[in-house]
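The values are calculated or read from the model by the stated rules, or taken from the named source; none is laboratory data. This is a predicted model, so every value here is computed, not measured. Note that each Cβ is placed from the backbone with ideal geometry, even for glycine, and that neighbours are counted across all protein chains shown. In case anyone asks, the SASA skips ligands and DNA or RNA and just uses the protein heavy atoms, side chains included. Shrake-Rupley method; radii C 1.70, N 1.55, O 1.52, S 1.80 Å.
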Amino acid sequence: MGGSSDRSATVGFSPAKERNTKPFQFVGTGTISPPASAAVATNVMNFHATIRPVLIVFQLFGQFPVHGIVSEKASRWQLRWCSFQSVLCAILLVMGCFLCFVEYDRLMVIGVNADNVIGPLFYLDVVIIMVLLWRVAYHWATVVPKWEQVEALEVMQYNVRESGSRSSCRIRAVALLLLGLGFAEHMMSIAKTLYGKVDEARFCHWDYSNLPEYYARRTHGFVFRRLPYNFPFFLFMEYANTALTMAWTVQDVLIIMISDAIAGYFDRLNARILFYSTVQVVSSEKFWCEIHSDYVMICELLEHVMSICSPLVVVSCGTNLYLICYQLFHLVETEKSIIKTVFTYFSLFCVILRTLLMLHHCSAVHEAARRPIKLCRRVPTSSWCSESERFYDFVRKSSIAISAMGLFRLTKKTMLTMLGAIITYELVMLHFAQTTAHRGIVEECSSVEYSYEPKMESRH
């Protein structure tokens, strides 16, 4: 972040030692709301208590294997290698690698085109996401103390009633909505595939007495060439596919919750600056010194969290970009059934909504971090001092935003950049589809791709 000289000058002192427990004195006229220090909040900020229900849902799908999330003390949230969560996550990782190899082997048999290449790419992508989520869970214990330090700040303990303040109920609703849509999308995908296989059997006049076995062998034929079929293993495969698919949604939801919380901290700080810009603060030097210190602590929290989560941000942007292009590519298909059309539009809606919410919450961090520049310009000249000047210069020279490993920053301009990338990549995908138009196509009623072909119906 920019402004390193100002930052080093402010981070060195301890806010707890410098601050006085007495509230600031101020002089004002007219009807002015009481200062933030006059009324204690009814609900103290607690990020970990807010995200606990969401993390429980994560772990139902083997994601983010942190042990102890049912505990109210976030300091007990740690990754344990021998815990059930870690073992389940490891099993899903192995399953993902195996299915990636199976999909690659399948394409080597039938050929590659613009549509079926998503098979191995899907499993490779979700395995990478799960490894990165495991990495975040492993380092999360180092984040908790910094998070609690920021939430213990005086400015965070007051009920700032303003449009910029974040609600825990709202972020839970957003997170659970996205998780629900992601799960519903996968269930629709299974229904679409099942409908296609049943329609295939009807068209080919195949007779099947066991629908689950028929579906398993026709859908996962390359798997059951290597492993014997049994119903419990088929159920586990379906659960593993569901859990791996949910990794796409989990990564975006985690980024959204982190971004929303940090933007909320900046908003509370901005609300305090906004109030004191309307009154004359007697201890202006001390006030701006504390504001500067609080701002730096939030920036340090953001920097530490991004050192852990920035690879996840890169993968999230890349994954969402590809998924949008992939679903747009399916919209131009001429021959589609009704159920496939509904699924394509619903899936496109889900990925666009998830992407926009992720970019919106990430860009909100940049907007909230830059807002003190405008607020400081509203401070009366009589309240301006050397500490307010230092704080203003620090914010102006700094570059506070969600960073993707230093490759790019997520701001409002990123949405327009991604839109241009979607158009460019979609043209590339359409060209690739034309050059591979006659590859990777399995003839109807063929057993080339599968290990099982049902018996023909008996005709009388």
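Scan region 80-111 for residues that are out of contact with any Pro (no Cβ under 7 Å at 6 or more places or on another chain) and more than 30 Å from His139 (Cβ to Cβ) and jot them down.
Val102, Asp105, Arg106, Met108, Val109, Ile110, Gly111
Can you tell me how many residues in region 404-452 are modelled with pLDDT under 75, open to solvent by 90 Å² or more (accessible area, probe 1.4 Å) and farther than 26 Å from Phe329 by Cα?
Residues that pass the stated criteria total 0.
Can you tell me which residues in region 211-245 are of a type outside the set (A, V, I, L, M), modelled with pLDDT of 90 or more and open to solvent by less than 60 Å² (accessible area, probe 1.4 Å)?
The answer is Phe233, Phe234, Glu238, Asn241, Thr242, Thr245.
Show the residue pairs that are 6+ apart or on different chains and have beta-carbon atoms under 7 Å apart, the first residue being within region 188-199 and without any contact (Cβ under 8 Å) to a residue 60 or more places away in the chain, the second being in a helix (DSSP H, G or I) and β-branched (Val, Ile, Thr).
Sorted first by the residue in region 188-199, then by its partner, the pairs are Thr193/Thr219; Lys197/Thr219.
For the condition open to solvent by less than 20 Å² (accessible area, probe 1.4 Å), touching an Asp or Glu at 6+ places or on another chain (Cβ under 7 Å) and in contact (Cβ under 8 Å) with a residue 12 or more places away in the chain, what is the one hit in Cys317, Cys350, Cys362?
Step by step, each of Cys317, Cys350, Cys362 is checked, and only Cys350 is open to solvent by less than 20 Å² (accessible area, probe 1.4 Å), touching an Asp or Glu at 6+ places or on another chain (Cβ under 7 Å) and in contact (Cβ under 8 Å) with a residue 12 or more places away in the chain.
Given the options Met95, Met130, name the one that is aliphatic (A, V, I, L, M) and within 22 Å of Gly221 (Cα to Cα).
Exactly one residue qualifies, and that residue is Met95.
Of all residues in region 365-390, which are surrounded by fewer than 16 Cβ atoms within 10 Å (Cβ to Cβ), in a loop (DSSP other than H, G, I, E, B) and of a type in the set (A, V, I, L, M, F, W, C)?
Scanning region 365-390 gives a single hit, Trp384.
Which condition number does Ile110 fail, the rest of (1) modelled with pLDDT under 90; (2) touching a Cys at 6+ places or on another chain (Cβ under 9 Å); (3) of a type in the set (Val, Ile, Thr) being met?
Evaluating Ile110 over (1) modelled with pLDDT under 90; (2) touching a Cys at 6+ places or on another chain (Cβ under 9 Å); (3) of a type in the set (Val, Ile, Thr) leaves (2) as the failure.
Which residues, taken from region 366-399, are closer than 22 Å to Phe275 by Cβ and under 25 Å from the mean Cα position of the chain (by Cα)?
Glu367, Ala368, Ala369, Arg370, Arg371
Quick test of your reading of the structure: Thr50 fulfils all but one of (1) assigned to a loop (DSSP other than H, G, I, E, B); (2) at pLDDT below 90. Name the failing condition by number.
(1)
Filter region 71-119 down to the residues that are of a type in the set (D, E, K, R), in a loop (DSSP other than H, G, I, E, B) and surrounded by 15 or more Cβ atoms within 10 Å (Cβ to Cβ) and list them by number.
Result: Asp115, single match.
Taking the stated definitions as given, is Ala49 over 14 Å from Thr245 (Cα atoms) and surrounded by 14 or more Cβ atoms within 10 Å (Cβ to Cβ)?
no
For every residue, the table says whether it meets (1) at pLDDT below 90; (2) among the polar types (S, T, N, Q); (3) crowded, with 17+ Cβ neighbours inside 10 Å.
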residue	(1), (2), (3)
Val127	no, no, yes
Leu133	no, no, yes
Val136	no, no, yes
Leu153	yes, no, yes
Gln157	yes, yes, no
